[in-house]
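Just below is one structure, and these are the notes that go with it.
The values are calculated or read from the model by the stated rules, or taken from the named source; none is laboratory data. Since the model is a prediction, treat every value here as computed from it, not as a measurement. Neighbour counts are summed over all protein chains in view; Cβ atoms, including those assigned to glycine, are modelled from backbone coordinates with ideal geometry.
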């Protein structure tokens with residue numbers, strides 16, 4: 001089982017990273033917090049890996065810290081939440097926000113993520129409240145201060161693509177991005193996405 005990969009970053013986009021390890025390119029599914037943390041294409045990078053084995057495929061899920069990986073593993077242990085939905089949840093809110101929502105019983109915040117119904121949100125809180133009690137919110141990713149800059153055109157397209165991949169409707173995603181662009185630095189993918197996600201969660 002692969003638990004850690006270190007190598008050259010070949011490609012990155014919201015949701016996917018490809019790392020060259022000794023001439024072999026590994027495609028890794030990542031939450032937005034990990035996307036924000038990754039350096040430029042061509043730079044050296046390292047990710048903590050969760051290997052998900054199915055009958056027809058082996059999928060890798062990557063995180064920049066052991067705490068993020070631990071939170072993901074706890075999340076997919078909840079009935080009805082698989083790795084794909086787990087990544088979507090941890091992309092729709094930061095690790096800090098997720099832990100806070102579980103601790104305070106805020107099912108509405110978790111349900112705001114596409115693909116999460118009321119019962120799943122409530123089950124998540126019930127099953128994880130005790131399990132994440134020992135986890136420090138400060139130990140998981142909070143991308144608030146990270147850059148992720150680029151040209152304004154590619155930034156908007158990357159942000160829109162990320163929201164659509166998370167399951168948001170195109171019209172809602174576009175409206176949220178337009179509103180977010182009015183009050184944030186449009187050259188930063190991270191800031192635009194964070195602000196748009198906050199609007200979509202209301």
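Structure data summary
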quantity	calculated
Verdict on residue 12 being without any contact (Cβ under 8 Å) to a residue 12 or more places away in the chain, in contact with a helix residue (DSSP H, G or I) (Cβ under 8 Å, 6 or more places away or on another chain) and not assigned by TED's automatic domain parsing to the domain that holds residue 172	no
Residues of segment 134-174 classified as at pLDDT below 55 and within 16 Å of the chain's Cα centre (by Cα), total	9
Residues of segment 15-52 satisfying the condition of being in contact with a strand residue (DSSP E or B) (Cβ under 8 Å, 6 or more places away or on another chain) and free of Cβ contacts under 8 Å to residues at least 24 places away in the same chain	16, 18, 20, 21, 22, 25
Residue within segment 121-133 that is modelled with pLDDT of 75 or more and more than 18 Å from residue 110 (Cβ to Cβ) present	no
Residue satisfying condition, being touching a helix residue (DSSP H, G or I) at 6+ places or on another chain (Cβ under 6 Å) and without any contact (Cβ under 8 Å) to a residue 40 or more places away in the chain, within set 101, 67, 108	101
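Here is a yes/no grid of residues against (1) part of a helix (DSSP H, G or I); (2) assigned by TED's automatic domain parsing to the domain that holds residue 169; (3) farther than 13 Å from residue 198 by Cα:
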{"position": "85", "(1), (2), (3)": "yes, no, yes"}
{"position": "99", "(1), (2), (3)": "yes, no, yes"}
{"position": "102", "(1), (2), (3)": "yes, no, yes"}
{"position": "110", "(1), (2), (3)": "yes, no, no"}
{"position": "116", "(1), (2), (3)": "no, no, yes"}
{"position": "119", "(1), (2), (3)": "yes, no, yes"}
{"position": "122", "(1), (2), (3)": "yes, no, yes"}
